[in-house]
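Engineer: This is the structure, below, for whatever I ask next.
The values are calculated or read from the model by the stated rules, or taken from the named source; none is laboratory data. Keep in mind that what you see is a predicted model, and the values were worked out from it rather than measured. Please note: Cβ atoms are built from the backbone with ideal geometry, for glycine as well, and neighbour counts cover all protein chains shown.
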Amino acid sequence: MKDNQTEPKRVFQTAAWMWGVFLVLLYLIDLIIYKGNPGKPVTIYYLVNFIPAIIFFSLTFVKVQRKIDSTLVIVKILVISLAPMLTNSLFDLKMPQAPLSNVEGMILRQLPILLIALVLVAWHFNFVVLVAYVLIMGTLDVLISSSTFRLSDPRLIVFLYTILIRTVSFLVVGIFINQLVSLLRSQQDSLKTANANIRHYASTLETLTISRERNRISRELHDTVIHSLSGLAVQLETTKAYLDIDIQTARNLLDQALDSIRFGLTETRRALRALRASPLEDLGLLEAIRQASKSAAQRANLILTLDLPERLPNLPPDVEQCIFRITQEAIENIVHHANAKYFAIMIQLKDTELLLQIRDDGMGFRTNTCTPEGHFGISGMKERAALAGGTLSIESELTAGTTVSFRTKGIEK
């Protein structure tokens, strides 16, 4: 028996209902054949047939432990397989003369029930057991039923020939059903594995999304709150030093500290609005870049040059988000750190490659030095580029400005 494939009870219950319905329909056919007066042998025939059917039906509702369930399955299959053959051998040619009372007719009477049994075996057991079942049942039918014939009886030849045809037919049908069931179970196993993988991927994606969102928040705030507070701390320390030496200078420094606080609050509110808003969904990538760059140029009094295409092909959402966030991060770096007078943003499409470039004429930095601790802008851009399947390069020299380039391939026009 196939491991871990216990047959659902409803399959056997369906088989029981089919057995009962078949006997009722067959009885109605006999009523028509015998013109409403089937006689005592026919009535006894159906009473005897209904007894194993009722036993089988009752067994389908029995609740047992899993380790006993396999034995019960075998018992149920034996009941539905042997009952028709034993019943037919008791009533062979003893029924009133009618189209279904000869040798062939008696075999036809049991055929639908044996087909149900065949389906149960093909569904529940493997190929070897199925073939053995069909051959054993054919042999038993010959041994049980042919005992009523004399060897010279011409009916024996008809009977054996009919059993042979039925056995071959059962083998063909049973093997076909067994192969279909095996394929179905294989597909179910594959589906379970796929569902488990999907759940795992969904969980991983959720964790990754949360991690990326945390990183995004840290990147958005590191140049607002942290920058403002660190600058404010320096100003207050200087104010404290001048407090006992030059009160007027201390007041001027205090005014500057207040201005820094107000500027920091404004920048923090702007960053929080950017976190909550979704400019890509509202404006689209190109318009979101235009607005972000123009707003930054206005705030920092910078000269801006935009070289953007009229339209972009349909980009994956993660690529669009990556392009916008890298642009946003680069702009904020220019505003807060570069001490630049000019910056330019360019997007070019060539074949299936997209190039994003942000240049400034600021103070620049040494790219071979490590990023200072607590500053996540550059590392954040590199993380975004890698997650979107692109590459990020940064070219910069002291007093020669900085160029941030992001490339991604596989863009469909």
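Engineer: Considering the stretch 28-52 alone, what residues qualify as being surrounded by fewer than 18 Cβ atoms within 10 Å (Cβ to Cβ) and outside any helix (DSSP H, G or I)?
Structural biologist: Scanning the stretch 28-52 gives Tyr34, Lys35, Gly36, Asn37, Gly39.
Engineer: Follow-up. Would you mind telling me which numbered condition in (1) among the polar types (S, T, N, Q); (2) modelled with pLDDT of 75 or more; (3) over 38 Å from the mean Cα position of the chain (by Cα) Thr224 fails?
Structural biologist: With (1) among the polar types (S, T, N, Q); (2) modelled with pLDDT of 75 or more; (3) over 38 Å from the mean Cα position of the chain (by Cα) applied to Thr224, the lone miss is (2).
Engineer: Also: Given (1) modelled with pLDDT of 80 or more; (2) surrounded by 13 or more Cβ atoms within 10 Å (Cβ to Cβ), where does Gln235 come up short, assuming only one miss?
Structural biologist: Among (1) modelled with pLDDT of 80 or more; (2) surrounded by 13 or more Cβ atoms within 10 Å (Cβ to Cβ), Gln235 violates only (1).
Engineer: Just to verify a result, which residue in the stretch 273-305, among those that are in the same structural domain as Ile331 (by TED's automatic domain parsing) and among the polar types (S, T, N, Q), is modelled with the highest pLDDT?
Structural biologist: Going through the qualifying residues, I end up with Thr305.
Engineer: Also, I was wondering about something else. Somewhere in the stretch 339-360, is a residue modelled with pLDDT of 85 or more, acidic (Asp, Glu) and in a helix (DSSP H, G or I)?
Structural biologist: no
Engineer: A follow-up question, please. Return the pair list, or none, for Cβ contacts closer than 7 Å from residues in the stretch 385-413 that are in a loop (DSSP other than H, G, I, E, B) to residues that are surrounded by fewer than 20 Cβ atoms within 10 Å (Cβ to Cβ) and basic (Lys, Arg), at least 6 apart or on different chains.
Structural biologist: Partner pairs satisfying both residue conditions: Gly390/Arg407; Leu398/Arg366.
Engineer: Taking Gly20 and the conditions (1) among the small types (Gly, Ala, Ser); (2) at pLDDT below 75; (3) surrounded by fewer than 17 Cβ atoms within 10 Å (Cβ to Cβ), which numbered condition does it fall short on, given that it satisfies the others?
Structural biologist: (2)
Engineer: Further question on the same structure: Residue under question is Thr327, and the condition is that it be touching a strand residue (DSSP E or B) at 6+ places or on another chain (Cβ under 7 Å), closer than 18 Å to Ser393 by Cα, of a type in the set (Ser, Thr, Tyr) and not in a loop (DSSP other than H, G, I, E, B); does it hold? Before you say what the answer is, go through the steps one by one.
Structural biologist: Working: touching a strand residue (DSSP E or B) at 6+ places or on another chain (Cβ under 7 Å): yes; closer than 18 Å to Ser393 by Cα: yes; of a type in the set (Ser, Thr, Tyr): yes; not in a loop (DSSP other than H, G, I, E, B): yes.
The answer is yes for Thr327.
Engineer: Looking only at the stretch 286-308, filter to residues that are over 12 Å from Ile331 (Cβ atoms) and β-branched (Val, Ile, Thr); which one of those is farthest from the chain's Cα centre (by Cα)?
Structural biologist: Ile303
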